[in-house]
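Q: Got a structure for you, questions after.
The values are calculated or read from the model by the stated rules, or taken from the named source; none is laboratory data. All of these numbers come straight from a predicted model, not from anything done at the bench. Please note: Cβ atoms are built from the backbone with ideal geometry, for glycine as well, and neighbour counts cover all protein chains shown. To get the accessible areas, we keep the full protein, side chains included, count just its heavy atoms, and leave off ligands, DNA and RNA. Shrake-Rupley method; radii C 1.70, N 1.55, O 1.52, S 1.80 Å.
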Amino acid sequence: MQHYDDVIIPCSHCNLEFAKDVMISQNTYDNELFFCCKGCQSVYHILKDGHLDSFYDKLGSKQLHSVYHTQNDLSKFDTEGFAKKYISSQNGYCEISLIMDHIHCSACVWLNEKILHKTDGIIDATINYTTLKAKIVWNPDNIKLSQIIAKIQSIGYDAYAYDIKTGEAKANKARKDYYARLVVGIFCTMNIMWIAVAQYAGYFSGITQSAKTILNIAEFVLATPALFWTGWPYFRGAYFAFKNRVANMDTLIVFGTFSAYLYSIYATITRTGEVYFDSVTMVITFIFIGKYLEVLSKKNAVDSLDNISSSIPEHVTVIRDGKSSLVDTTQINIGDIIEVKAGEKIAIDGVVYKGNASFDESSTSGESVPVYKKHNDKILSGTVCLDSTIVYKATKDLSHSTIQSITSILEKSLSNKPKIEKLADSVSGYFSFVVLFISICTLIGWYLWGKSFEDALIIAISVTVIACPCALGLATPVATLVAVAVGSKRGILFKSASHLETIAKATTVVLDKTGTITKARPEVVNFTQIGDFDINMLYALVQKSNHPISKAIVKYLQANKQLSQEYQLADIKHIEARGLKANYKNHKLYGGNIEFINDMNINFCMRQDNSVFVFAVDNMVVCSFELEDMLKDGAVSAIRDIKKLGLNPIICSGDNPNAVAKIAKKVGIETFYSSMTPTDKANIITKLKEDKKVVIMVGDGINDTLALSKSDIAIAMGNDTDLAVQTSDVVLMDDQITTLVYSLRLSKKVFRVIKQNLLFSLGYNIFAIAVAVAGFVIPLVAAISMSISSLVVVGNSMRIKNG
């Protein structure tokens with residue numbers, strides 16, 4: 001007698017068989033359903049609710065997952081080791097980057113995103129068609145990663161965790177497979193062309209039917225492997241598209257070539273009409289050549305991103321208890337002492353502990369000039385030690401190092417699609433259905449018009465083959481991918497590809513003065529002592545601030561005054577963009593701009609041609625400093641270029657009116673605001689947006705974070721202020737205003753290229769389909785045109801690399 005636990009039953013969705021007691025049971029009004037996982041259960045109901053349950057009639061008793069991972073394979077996605085390596089967690093949600101397999105066009109992307117978005121527990125799912133990377137965010141309380149992978153497999157696709165090394169191995173394997181299929185296609189095409197020459201010669205000079213049949217059979221032998229081996233990826237994609245009730249590029253190719261193939265077999269057997277085996281072979285081969293070149297082009301663009309992190313060392317030399325040993329970078333902790341030799345790349349951020357050397361920082365800032373580093377200077381991961389051996393102390397672990405942060409920003413940037421790409425994807429989702437409808441109408445129309453069925457079929461085939469949803473799908477993602485890669489090489493990090501579109505549409509650029517237009521390294525040009533005071537109190541106060549003016553005064557006091565000791569202050573309070581105050585024993589200390597001093601009920605005034613810092617003790621002003629900051633190199637030309645791009649530059653600064661006016665006049669900015677608090681800056685941004693302006697805010701410090709958060713696009717000048725970088729949409733790693741101009745110019749160029757690509761794609765398809773419907777195009781020409789259209793889009797996007 002068989003026990004209940006031993007009963008083996010199939011899953012109601014995928015037909016994989018398991019013990020009944022481990023299945024998920026669900027009762028419906030007419031029967032009981034069993035599912036091997038929640039993924040299958042969810043997909044089952046999506047198909048049912050969408051009236052796509054005819055899928056199961058076509059599936060029959062076949063097992064859906066048998067060609068992919070087994071259940072044991074899927075379980076690895078839920079292991080602790082896998083999660084530690086590939087999954088990040090934030091606010092209770094999990095996130096992973098996956099590489100998608102078997103995606104051939106934007107319709108495939110549309111289908112996967114649609115299914116995943118309808119799945120309970122999945123918060124977000126975006127797929128980049130160019131890189132085939134999917135960013136998936138899910139609630140681990142509702143669904144497991146293994147169930148998400150199972151769901152992707154259930155609709156005919158597959159996914160694996162994104163890893164540069166394994167990804168490269170899989171990419172190489174895929175390229176070899178493409179190459180092998182391409183060789184077969186080319187071999188068959190070249191040989192079938194010789195037979196076709198004999199066919200055409202016989203057509204004009206005369207040929208017996210038996211000889212013609214032999215030649216037809218020879219063409220059949222050559223066309224079959226070309227169609228079913230070289231063209232297998234298209235058949236596979238078309239099968240899953242049909243199964244899921246969608247149409248894609250594969251559907252069009254298979255519909256056209258397979259129809260011609262079947263008709264040619266019929267003509268060979270019945271000895272009536274002409275055969276088109278040569279057209280079938282050449283169409284498949286030329287389309288496959290285009291696909292192969294497209295894959296190589298996209299891989300070239302992707303490589304420029306992967307190379308950023310792929311060369312980071314996996315091991316570093318750590319000194320512990322006076323002994324050196326190689327340690328995996330994932331095991332490095334803050335405070336570890338690391339030795340770096342000349343020519344080695346820095347893997348972990350830190351500060352120089354012993355020695356000095358020059359560093360190549362081009363990988364992070366885009367600056368090719370070596371930077372000299374000495375004791376206590378910061379060094380960043382991704383930079384190269386050029387000429388000496390140094391020892392440094394780690395200040396971050398691997399996951400928080402600069403190069404890892406850059407890589408993370410770049411990967412996430414490609415997951416957020418511009419609005420124009422989302423529109424193109426939605427059009428591509430229905431494009432193939434429209435083309436199939438036009439093709440069928442063409443077949444019927446020409447046949448009713450008096451054409452033979454053979455001629456009408458060939459015209460209809462040309463319509464399906466010449467249409468190219470790929471060109472439409474590639475129009476945006478390739479351009480944004482190239483732009484993100486080019487930007488990263490110049491020290492520009494776009495946190496989202498969608499920001500490129502917003503920057504291109506911007507009308508106004510609001511700039512902070514200090515650190516954005518000026519160097520943020522002011523120097524004291526005048527010191528005025530008004531009363532007697534202890535200079536050590538002033539020194540202790542300004543040391544508590546990271547503001548450039550405070551740092552400049554610290555430097556001045558160290559160089560020009562006798563400092564006897566460091567005082568310990570109490571009740572230190574910073575007033576943003578104005579000053580700071582503290583207590584020392586029985587004294588109250590105040591330091592800041594004149595507005596701040598007056599707000600503290602201390603009356604004081606002086607002429608302000610430059611930045612001013614006033615120091616008061618116990619409600620008495622005892623000294624003042626005048627400081628002047630230098631313009632950044634290229635600031636004047638940068639502002640001029642910003643205007644040429646059609647943008648209106650505005651200065652918002654916390655400095656005094658005269659100092660701001662002086663800088664504004666030097667660089668040629670007519671509109672400026674002075675003595676601004678962080679809230680004032682944010683209000684200016686809000687008012688500009690209310691006036692229908694698209695606003696870019698550029699800043700570099702904590703004082704700018706509120707304004708950055710209010711703008712349409714926030715650009716942070718790369719410095720030590722992590723908060724400003726976190727709040728921003730774009731980070732300029734090299735802190736140069738000329739790089740700001742390049743980022744604006746790059747965004748506008750990218751958006752222009754995207755519009756060119758979309759215009760070409762739409763224009764090509766409208767014109768090509770119209771010409772094909774009119775009967776002026778044969779299938780071979782249609783195949784070549786279709787491949788060329790995709791390559792034109794990719795090639796046009798690659799022009800972005802040229803500056």
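Q: Residues of the range 634-700: accessible area per residue at 1.4 Å, in Å²?
A: Value for the range 634-700: 44 Å² per residue.
Q: Further question on the same structure: Nearest 20 debye, what's the magnitude of the dipole of the range 487-641 about its Cα centre given +1 on Lys and Arg Cβ and -1 on Asp and Glu Cβ? The partial results should precede the final answer.
A: Values: 19 positive and 17 negative charges, 121 e Å.
The dipole magnitude comes to about 580 debye.
Q: Extending each Cα 7 Å along its Cβ direction at Tyr239 and Tyr430, get the distance between those two points in nm, one decimal.
A: Each label point is offset 7 Å from its Cα along the Cβ direction, giving 3.0 nm.
Q: Something else: Keeping all protein chains in position, work out how much accessible area His547 exposes to a 1.4 Å probe, and write it in Å² to the nearest 10.
A: Roughly 70 Å² of His547 is accessible to a 1.4 Å probe.
Q: Rounded to whole Å and sorted largest first, list the principal axis extents of the Cα atoms in the range 503-597.
A: Extents along the principal axes, in whole Å: 56, 28, 22.
Q: Before anything else, pin down the relative contact order of the range 496-655: Cα pairs under 8 Å, at least 6 apart, normalised by residue count, whole percent. Write down the numbers at each step before the final one.
A: On the way: 250 pairs, mean separation 51.6, N = 160.
RCO, the range 496-655: 32 percent.
Q: Can you send over the carbon and sulfur percentage of the accessible area for the range 568-648, probe radius 1.4 Å, protein chains only?
A: Heavy-atom surface of the range 568-648 belonging to carbon and sulfur, 1.4 Å probe: 46 percent.
Q: Are there GluC sites (Glu not before Pro) in the range 542-642 that DSSP marks as loop and that have at most 10 other Cβ atoms within 10 Å, and which are they? Before the final figure, lay out the partial values.
A: Values: sites: Glu566, Glu576, Glu595, Glu626, Glu628; in loops: Glu566, Glu576.
Answer by residue number: Glu566.
Q: Separate question: Give the calculated FRET efficiency between Thr738 and Ile8 to the nearest 0.05, with a Förster radius of 51 Å applied to their Cβ-Cβ distance. Spell out each step's value before the answer.
A: Values: r = 70 Å, r/R0 = 1.37.
With a Förster radius of 51 Å, E is 0.15.
Q: Simple spin-label model, 7 Å along Cα-to-Cβ: Leu262 to Ser25 in nm?
A: Each label point is offset 7 Å from its Cα along the Cβ direction, giving 4.5 nm.
Q: Stokes-Einstein diffusion coefficient for the range 456-529 at 20 °C in a medium of 1.002 mPa s, Rh from the Kirkwood formula over Cα pairs: what value in µm²/s? Before the final figure, lay out each step's value.
A: Working: Rh = 17.7 Å.
In µm²/s, the coefficient is 121.
Q: Under a 1.4 Å probe, what is the accessible area of the range 439-572 per residue, stated in Å²? Can you show the working numbers first?
A: Values: 5340 Å² over 134 residues.
Per residue, the range 439-572 has an accessible area of 40 Å².
Q: Something else now. Of the peptides 448-458, 765-775, how do they stack up when ordered by the mean number of other Cβ atoms within 10 Å, highest first?
A: Values: 448-458: 14.7, 765-775: 17.6.
Peptide ranking by packing, descending: 765-775, 448-458.
Q: Using per-residue counts of other Cβ atoms within 10 Å, averaged over each peptide, order 485-493, 603-611 from highest down.
A: Values: 485-493: 21.9, 603-611: 14.7.
Ranking, from highest mean packing down: 485-493, 603-611.
Q: Shifting gears a bit: By how many nm would the segment from Glu576 to Glu80 grow when fully extended, if each residue of separation counts as 0.36 nm and the alpha-carbon distance is taken off? Write out the running numbers ahead of the final one.
A: On the way: separation 496, 0.36 × 496 = 178.56 nm, distance 4.47 nm.
Computed gain between Glu576 and Glu80 is 174.1 nm.
Q: Taking the Cα centre of the range 82-155 as origin, work out the dipole magnitude from +1 charges on Lys and Arg Cβ and -1 charges on Asp and Glu Cβ, in debye rounded to 20.
A: Working: 8 positive and 6 negative charges, 30 e Å.
The calculated dipole for the range 82-155 is roughly 140 debye.
Q: Express in whole angstrom the spacing between the alpha-carbon centres of the range 596-674 and the range 495-509.
A: Each part reduced to its Cα centre gives a spacing of 28 Å.
Q: For the range 178-239, with all protein chains present and a 1.4 Å probe, just round the carbon and sulfur fraction of the accessible area to a whole percent. All intermediate terms of the calculation are to be shown ahead of the outcome.
A: Numbers: 2660 of 3340 Å².
Answer for the range 178-239: carbon and sulfur cover 80 percent of the accessible area.
Q: Follow-up. Probe 1.4 Å, all protein chains in place: accessible area of Glu670 in Å², nearest 10?
A: Surface accessible to solvent at Glu670 totals approximately 130 Å².
Q: Right, something else. Once Lys and Arg get +1 and Asp and Glu get -1 on their Cβ, which of Thr518, Val482, His499 lies farthest toward the positive end of the dipole of the range 481-530?
A: Of the options given, the answer is Val482.
Q: Another one. Take the alpha carbon gyration tensor of the range 512-552, find the square roots of its eigenvalues, order them as a ≥ b ≥ c, and report rounded if a/c is under 1.5; if not, report prolate when a/b exceeds b/c, else oblate.
A: Details: a/c = 3.79, a/b = 1.82, b/c = 2.08.
Note, shape of the range 512-552 comes out oblate.
Q: Another question, if that's okay. Sorted by mean Cβ packing within 10 Å, highest first, what order do the peptides 781-793, 521-533 take?
A: Working: 781-793: 22.5, 521-533: 14.4.
My ranking of the peptides, most packed first, is 781-793, 521-533.
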